[in-house]
Amino acid sequence: MKLELFFDCSSPWSYLAFEQAPSVAAELGLDLVYRPVLVGGVFNAVNRSVYDMRENVPSKMAWVAKDLSDWSRATGLAIRFPPPVFPVNSAKAMRACLLLEERGALVAFARAACEAYWARGEDISQEAVLAALCRSIGVDPDTVLPQLGSELWRIRLRANVEELIGRGGFGVPTFFLERDDIYFGVDRLPMIREAVGRARSSGDIR
């Protein structure tokens, strides 16, 4: 069975999902596929209420900070909310994820980017930060950064955004189990576990 994870390193919930999904996938024998997107593009197209909430519902933002603190304690992940630059333009970081996927380095780079932004408060929109992240995973930044403005990677990232929206997504992290079974949020991982067990016990999927 395939489990797709649409994520953006600028999302703390994506960071949590990125750290938890691999163990769930390994436990269940799922093929975990990482799908980088630009969540701002998703919000702009189908979920602009997010911006209104940030500006006009301080109680919700206070709850988000409390909830992330709870998640940080529960998981042991350092999460600083809000980081010094919030929201951040993660376009170059997410294009780098796509580029590095072809070299087998997507997971290492995305994890490094999440940690840099959410644990250390580094501005992942800056090329100097991205260069340091590349070096930290053994990748020459000179083979990555000059390509990030290329139309190729813009198109590929936009295609992932459009695919997520077309399949019913409205934010990140979004999971798809076997193409059409959608789950939104890191807290839905138990539901994915239950769905896999139900499908296998019924003989529908092995």
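The values are calculated or read from the model by the stated rules, or taken from the named source; none is laboratory data. In this text the structure is predicted, and so the values were computed from the model without any measurement. When we count neighbours, we look across all protein chains shown, and the Cβ atoms used for this are built from the backbone with ideal geometry, even at glycine.
Within the stretch 99-121, the set of residues being buried (at least 22 other Cβ atoms within 10 Å of the Cβ), free of Cβ contacts under 8 Å to residues at least 60 places away in the same chain and more than 13 Å from residue 137 (Cα to Cα) comprises 99 only.
Beta carbons closer than 6 Å, at least 6 apart along the sequence or on distinct chains, never pair a first residue in the stretch 7-30 that is more than 23 Å from residue 69 (Cβ to Cβ) with a second that is of a type in the set (D, E, K, R) and buried (at least 24 other Cβ atoms within 10 Å of the Cβ).
In the set 33, 88, only one residue is of a type outside the set (D, E, K, R), exposed (fewer than 14 other Cβ atoms within 10 Å of the Cβ), within 16 Å of residue 8 (Cα to Cα) and within 14 Å of the chain's Cα centre (by Cα); that residue is 33.
Spot the failing condition for residue 181; the list is (1) among the charged types (D, E, K, R); (2) touching an Asp or Glu at 6+ places or on another chain (Cβ under 8 Å); (3) without any contact (Cβ under 8 Å) to a residue 60 or more places away in the chain, and only one is missed. Of the numbered conditions (1) among the charged types (D, E, K, R); (2) touching an Asp or Glu at 6+ places or on another chain (Cβ under 8 Å); (3) without any contact (Cβ under 8 Å) to a residue 60 or more places away in the chain, the odd one out for residue 181 is (2).
Going by what's in this entry, would residue 23 be described as buried (at least 17 other Cβ atoms within 10 Å of the Cβ) and out of contact with any Pro (no Cβ under 8 Å at 6 or more places or on another chain)? When the stated conditions are applied, residue 23 does not pass them. Only residues that are among the aromatic types (Phe, Trp, Tyr) and without any contact (Cβ under 8 Å) to a residue 40 or more places away in the chain were counted across the stretch 64-98, and they come to 1.
Once the stretch 168-202 is narrowed to residues that are in a loop (DSSP other than H, G, I, E, B) and either of a type in the set (S, T, N, Q) or within 15 Å of the chain's Cα centre (by Cα) (or both), the residue that is surrounded by the fewest Cβ atoms within 10 Å (Cβ to Cβ) is 202.
In the stretch 38-85, the residue that is farthest from the chain's Cα centre (by Cα) out of those that are surrounded by fewer than 15 Cβ atoms within 10 Å (Cβ to Cβ) and among the hydroxyl-bearing types (Ser, Thr, Tyr) is 59.
Going by the conditions given, is residue 158 of a type in the set (D, E, K, R) and on the phi < 0 side of the Ramachandran plot? Yes; evaluated as a whole, the condition is true for this residue. Surrounded by 17 or more Cβ atoms within 10 Å (Cβ to Cβ), in contact (Cβ under 8 Å) with a residue 60 or more places away in the chain and either in contact with a Leu (Cβ under 7 Å, 6 or more places away or on another chain) or basic (Lys, Arg) (or both) - does that describe any residue in the stretch 131-148? The answer is no, given that none of the residues of the stretch 131-148 is surrounded by 17 or more Cβ atoms within 10 Å (Cβ to Cβ), in contact (Cβ under 8 Å) with a residue 60 or more places away in the chain and either in contact with a Leu (Cβ under 7 Å, 6 or more places away or on another chain) or basic (Lys, Arg) (or both).
Considered as a group, the residues in the stretch 47-78 that are at pLDDT below 95, in contact with a helix residue (DSSP H, G or I) (Cβ under 8 Å, 6 or more places away or on another chain) and not aromatic (Phe, Trp, Tyr) include one that is nearest to residue 167 (Cα to Cα), and that residue is 50. A count restricted to the stretch 164-175 and to residues that are touching a residue at least 24 places away in the same chain (Cβ under 8 Å) and more than 22 Å from residue 51 (Cα to Cα) stands at 1. State yes or no: is residue 10 in a helix (DSSP H, G or I) and of a type in the set (S, T, N, Q)? When the stated conditions are applied, residue 10 does not pass them.
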